[in-house]
1. Inside segment 431-464, can you point out the residues that are modelled with pLDDT under 90, of a type in the set (A, V, I, L, M, F, W, C) and in a loop (DSSP other than H, G, I, E, B)?
2. Could you list, in sequence order, all residues of segment 210-220 that are touching a helix residue (DSSP H, G or I) at 6+ places or on another chain (Cβ under 9 Å), in a helix (DSSP H, G or I) and either crowded, with 17+ Cβ neighbours inside 10 Å or of a type in the set (Asp, Glu) (or both)?
3. If we keep just the residues of segment 66-78 that are among the small types (Gly, Ala, Ser) and assigned to a helix (DSSP H, G or I), which is surrounded by the most Cβ atoms within 10 Å (Cβ to Cβ)?
4. I need the full set of residues from segment 97-125 which are touching a Ser or Thr at 6+ places or on another chain (Cβ under 6 Å) and closer than 23 Å to Asp318 by Cβ, in order please.
5. Looking for whichever is over 30 Å from the mean Cα position of the chain (by Cα), over 20 Å from Gln267 (Cα atoms) and in contact (Cβ under 8 Å) with a residue 24 or more places away in the chain here; the options are Gln187, Gln163, Gln232, Gln239. Which one fits?
6. What are the pairs, 6+ residues apart or on separate chains, where a residue within segment 200-217 that is farther than 18 Å from Gln230 by Cβ has its Cβ under 7 Å from a residue that is assigned to a loop (DSSP other than H, G, I, E, B)?
7. Can you find a residue that is over 30 Å from Arg66 (Cβ atoms), assigned to a strand (DSSP E or B), in contact with a strand residue (DSSP E or B) (Cβ under 6 Å, 6 or more places away or on another chain) and not aromatic (Phe, Trp, Tyr) anywhere in segment 119-126?
8. Only residues in segment 79-96 that are closer than 21 Å to Thr165 by Cβ count as the first member; pair them with residues that are β-branched (Val, Ile, Thr) and buried (at least 16 other Cβ atoms within 10 Å of the Cβ), Cβ under 6 angstrom, at least 6 apart or cross-chain, and list the lot.
Amino acid sequence: MKAPLTLLAASLLLAACSTTTPRPDAGLQAPAAWQGASDPDVVHGNQQWWTAFGSPQLNQLIEQARSGSYDLAGAMARVQQAQASAVIAGAPLLPELTGSFNANRQKLLRGNGYSQLDADTRNKAVDYFDARLSASYEIDFWGGKRAARDSALEDVRASEYDQATVELTLLSGVANSYTQWLALGEQLRIAQLNLDNAQSVLKLVQTRRDAGSATALELAQQKSLVAAQQRQLPLARQQADEALITLAALLGKPVQDLRLTPQSFAQLNWPGISAGVPSQLLSRRPDIASAEAKLAAAQANVTVARAAMLPAITLSADLGSGADKIGDVLRSPFYNLTSGLVAPIFNNGRLSAERGKAQARETELLQTYRGAIINGFADVEKALNSIRGLDAQRQWQGEELSEAQTAFEIAQSRYEAGAEDLLTVLETQHTLYAAQDLNVRLRLSRVQSSIALYKALGGGWEVR
C-alpha cells in the first residue's frame, strides 16, 4: 500500500526514476557454488513458499499476519514517509511559483500626519491594493539538488526493501511458531502415551509387590518414573501455550482471540528447495538490496555536501500590479527580474566537516553492505548445512526409535513372565520415551530448517 501522490509529485517521482544511477560496487566476489549441496532440479522462486508445507491453516495464518501485523503496518507507513521526502527533495529542481493579493487601508485618527504616512489631514483614509506572481529558481550548476533528489529516491527504495524484510521475517516467524505449536502438541501426546504406559507397568509392579515377587525398591522406582512422566505434561502444555502467545502477537491479536484447529504434526511436509548460485542472492534478499540502496543514497549525499561548498546562482521574477481602487488593480502591471550569486567565504569549517561526515557515512554503509552480503551467504550455508545434517540424523534416528520400541516390548514381556528385573524395564522405558521425543524434535528442526532456507534465499522476493 502506497501513499496517494498529487499529479505534480507523481510526475517528479516518475521523472526521477527514469534516470539511471550506477549501482554501488561492494568489491566482493561471490563464491561459484554453495558449500552445502542443494537439489538443482528444484526450481526456487515461489513467492508463496509457505504453501509448500501442505497446511491450509498455516496459509490462513500467513494471510492474517499480513493484514493484522502492526510491525508490517509501521513499515508501510515508513515507505509513505520516504515517498513524501522524495517529493520534497525533488521540488527544488523546478522553479517555485507563488501568488499573493494584498489589500491595505491606512487612516489618520487625529493630528496632521507625517512624511512616512500616506494619510494626512486632506485624505484621512488611503486604500491600496496589489496582486503579485513570483517565481524563484536556484540553478543546479553543481548537481547538488539533483543528488539530493537521487538520495531521497534511494531512501524510498531502501524503505520498500525494509518493508519486504519485515514481511519476510514476520511470515517466517509465523511459520516457526505454528510448527513449534504442532510439535509441542505431538510431544504432549507422546508424553501422555508414555505416562499411560508407565502407569500400566506400575499396576503390574504393584500386583507383583502384593504377591511378594517385587521389592519395595522396584515399586518406588516405578512410582518415581510415573511422577516424572506426569511432570512432563504441564511442561509441554506451558511451552505450547507460549508458542500460541507468540503466534498471536505476530498476528496482531491477543491470544484469547486465536482459534486454531488441531492438525497432525506428521502431516506437515517439507519441500525440496534449490538454493541456486550465490551470485543470485544479491537480487533475492531484500535486506541486501536495502543496504545497497542506503549506500547509493550516502554516495549521493557526498555530492550534496560538495555542492554546498560552491557558489549558488539564484534567479527570481515578479509580475505584479497595484491600484488605489480594487477595480483598477490589474491596470498597472509591472515586472521585476533579479539574479544573485552567493558563495561561502568563512563558516569555521562547517561545510568541510559536513562533507567529511557524508564521506564517513558512505564508508560506514559500504562496510554494512559488505556485511549484509557475507551474512546472507552465511545464512544460506547454515540452512543447507542444517538440512544435510538433520536428514542424516533422522535416517539413523528412525532405526533408533524402532529398536527402542522393540526393546521395551521385549523387556516388559519378560518382566511379566518373571524373567527380567524392573531395572531393565525402566531403562528401556526411558530410552523409548527419549527416542520418541527426539524424533519429534528432529522433525521440527527439519521443518524449521526449510523455513530458514526459504528466508535466507529471500522467500521468492526479487529486486524490481
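1. Scanning segment 431-464 gives Trp461, Val463.
2. Glu218, Leu219 - these are the residues of segment 210-220 that are touching a helix residue (DSSP H, G or I) at 6+ places or on another chain (Cβ under 9 Å), in a helix (DSSP H, G or I) and either crowded, with 17+ Cβ neighbours inside 10 Å or of a type in the set (Asp, Glu) (or both).
3. If we filter segment 66-78 for residues that are among the small types (Gly, Ala, Ser), which is where we start, we get 67-69, 73-75, 77.
Imposing the further condition that a residue be assigned to a helix (DSSP H, G or I) reduces the set to 67-68, 73-75, 77.
Numbers: Ser67: 10, Gly68: 14, Ala73: 14, Gly74: 11, Ala75: 19, Ala77: 14.
Among residues in segment 66-78 that are among the small types (Gly, Ala, Ser) and assigned to a helix (DSSP H, G or I), the one surrounded by the most Cβ atoms within 10 Å (Cβ to Cβ) is Ala75.
4. As a first pass, look at segment 97-125 and keep what is touching a Ser or Thr at 6+ places or on another chain (Cβ under 6 Å): 98, 112.
Across segment 97-125, the qualifying residue is only Thr98.
5. Working: Gln187 fails: over 20 Å from Gln267 (Cα atoms); Gln163 fails: over 30 Å from the mean Cα position of the chain (by Cα); Gln239 fails: over 30 Å from the mean Cα position of the chain (by Cα).
It is Gln232.
6. Arg208/Ala214; Ser213/Gly418
7. Just the residues of segment 119-126 that are over 30 Å from Arg66 (Cβ atoms), to begin with: 119-126.
Filter once more, so that each one left must be assigned to a strand (DSSP E or B): 125-126.
From what is left, the residues that are in contact with a strand residue (DSSP E or B) (Cβ under 6 Å, 6 or more places away or on another chain) are 125-126.
Subsequent filtering for residues that are not aromatic (Phe, Trp, Tyr) retains 125-126.
Among the residues of segment 119-126, at least one is over 30 Å from Arg66 (Cβ atoms), assigned to a strand (DSSP E or B), in contact with a strand residue (DSSP E or B) (Cβ under 6 Å, 6 or more places away or on another chain) and not aromatic (Phe, Trp, Tyr), which makes the answer yes.
8. Final answer for the pair search is Ala82/Val156; Gln83/Val156; Ala86/Val156.
The values are calculated or read from the model by the stated rules, or taken from the named source; none is laboratory data. Note that this is a predicted model, so its numbers are computed, not measured. We place every Cβ from the backbone using ideal geometry, glycine too, and count neighbours over all the protein chains shown.
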